[in-house]
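Undergrad: Please read through the structure below; I'll follow up with questions.
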C-alpha cells in the first residue's frame with residue numbers, strides 16, 4: 001500500500017452502497033444504524049476537521065436512496081450521521097417529508113440556528129425524530145466567537161431546549177472543555193447550566209487540535225502541542241497544554257462533569273415526567289452515559305512525542321489575516337501534505 005491516497009475531487013453522494021450492518025457487534029452499542037444524507041459543513045469552526053475531510057459545501061445523497069437504505073437496514077431506529085442535518089433550510093425538510101408515515105424513529109446531529117425553526121421541528125416530530133444532538137460547545141459567548149462558532153448564542157440555549165421539548169424531542173447537548181477561555185470553574189458552571197436548563201443528556205469532550213485545523217496551527221505555533229500520536233486524538237485525551245489549567249486538571253474536570261451530570265440525583269431530577277419525550281430511550285441514554293462516566297481516565301493525558309517532519313496543508317476555512325500568519329509560521333519549511341477525502345497521515 002502507498003503511504004497516502006489522494007483524490008482530486010470530493011466523491012459525489014450518488015450511488016453510495018449499503019454498509020454491511022450484519023458485521024456490526026450490536027451488543028456493544030446503543031446506536032447501531034448510521035445513515036448519511038450529506039457530507040460537508042459550511043460553519044467553519046476553527047477546531048473542526050469536518051470541512052478539511054469533506055469540504056465546506058454540502059453534498060447530498062438522493063432522497064430516494066436515503067429512504068431506501070433506512071427501509072432496508074434492518075432497524076427501525078436510525079441515527080442520521082451528517083455533520084449538520086439541519087445545515088440548510090430546505091434539504092432536511094425534503095428528507096423528513098419522505099420519512100413521514102414510514103414508522104421510523106430517528107435522531108440526528110444539528111446546529112442550533114435552524115433548530116429554532118418551528119416548521120423544521122414540526123416536520124422532525126411528524127417524521128419520527130426522537131432526539132437532536134446539538135454542538136453547543138460552550139456556555140461562553142466570547143469562547144464561541146474565538147473559535148468561529150458564531151451560530152451559537154448561549155443566551156438562547158435554555159429556551160431552545162424548552163422549544164425542542166415542546167415537540168416531544170429530546171436534546172443531547174455536546175460540550176467541549178479546554179478552550180483558551182476556560183479555567184477550572186468551567187466544569188461546575190457548565191454542568192449547573194445543563195441541569196437547570198433540563199438537558200436530556202450531555203457529552204463532554206476534551207478540545208482536540210486536529211492536524212490541519214486553525215486550532216492546530218495556533219497551538220503548534222505557540223509550542224503547546226504535547227503529543228503528535230494520532231491514536232490519542234480521540235476527544236477524550238489531552239494532547240496539548242491548556243491555557244488556564246494543567247492537563248491533569250482538564251482531565252479530572254471532564255471526569256467530574258460526567259459524574260455530576262449523571263449522578264442518580266441529577267438523573268431523577270431531570271426525568272421527563274411530563275411531555276411527549278420517549279422515556280424509555282431517555283433512560284437508556286442516561287444509564288449508558290452514567291456507566292461510561294465511571295470509566296477510569298487516569299491515563300487520559302497523552303505522553304509527549306517528537307513533532308513529525310511533515311505538516312498538513314493549511315486549512316480551507318475562512319481565514320483571518322492573523323490566522324494565515326500563524327499557519328504559515330507554524331508550517332515553516334516543513335513539507336506540506338494536503339488532506340484528501342480519505343484523510344491524511346501525519347506520522
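Every number here is computed from the coordinates shown, using simple stated rules; none is lab data. The shown structure was predicted, so the numbers you read here are calculated from the model rather than taken from an experiment. Backbone-built Cβ (ideal geometry, glycine too); neighbour counts: all protein chains shown.
Undergrad: Once the Cα atoms of segment 186-247 are picked out, what are the Rg and Dmax in Å?
TA: Considering segment 186-247 through its Cα atoms, Rg and Dmax are 14.1, 40 Å.
Undergrad: Order the peptides 216-228, 149-161 from the highest to the lowest mean number of other Cβ atoms within 10 Å of their residues.
TA: Ranked by mean Cβ neighbours within 10 Å, highest first: 216-228, 149-161.
Undergrad: Then there is this: What value, in deg cm²/dmol to 500, does the helix sum -39500 (n - 2.57) over DSSP H runs of n ≥ 4 give at 222 nm once divided by the residues of the chain? Numbers along the way, then the final one.
TA: Details: 12 runs with 116 residues, N = 347.
Rounded to the nearest 500, the figure is -9500 deg cm²/dmol.
Undergrad: Using 20 Å bins from zero, what percent of all Cα-Cα pairs in the chain falls into each bin?
TA: Histogramming the chain at 20 Å steps yields 28, 60, 12, 0 percent.
Undergrad: Run a plain Debye calculation on segment 1-151 (Cα atoms as equal point scatterers, no solvent) and give log10 I(q)/I(0) at q = 0.12, 0.16 Å⁻¹, rounded to two decimals, same order as the q list.
TA: Debye output, listed in q order: -0.57, -0.97.
Undergrad: Between segment 191-209 and segment 1-59, how many Å separate their Cα centres?
TA: So the two Cα centres are separated by 25 Å.
Undergrad: Could you tell me the distance between the Cα centroids of segment 232-293 and segment 153-184, to the nearest Å?
TA: Between the Cα centres of segment 232-293 and segment 153-184 lies a distance of 13 Å.
Undergrad: Something else about it: Using only alpha carbon pairs under 8 Å that are at least six residues apart, calculate the relative contact order of segment 156-271 and give it in whole percent.
TA: Details: 142 pairs, mean separation 35.5, N = 116.
Once divided by the residue count of segment 156-271, the mean separation gives 31 percent.
Undergrad: Let me ask another. Can you give me the distance in nm between label points at residue 259 and residue 4, each placed 7 Å from the Cα along the Cα-to-Cβ direction?
TA: Using points 7 Å along Cα→Cβ, the separation is 4.2 nm.
Undergrad: Calculate the radius of gyration of the Cα atoms of segment 1-51 to one decimal place, then report Dmax, the largest Cα-Cα distance, as a whole number, both in Å.
TA: Over segment 1-51's Cα set, Rg and Dmax evaluate to 15.3, 39 Å.
Undergrad: So what is the relative contact order of segment 1-118, in percent, for Cα pairs below 8 Å that sit 6 or more residues apart?
TA: 26
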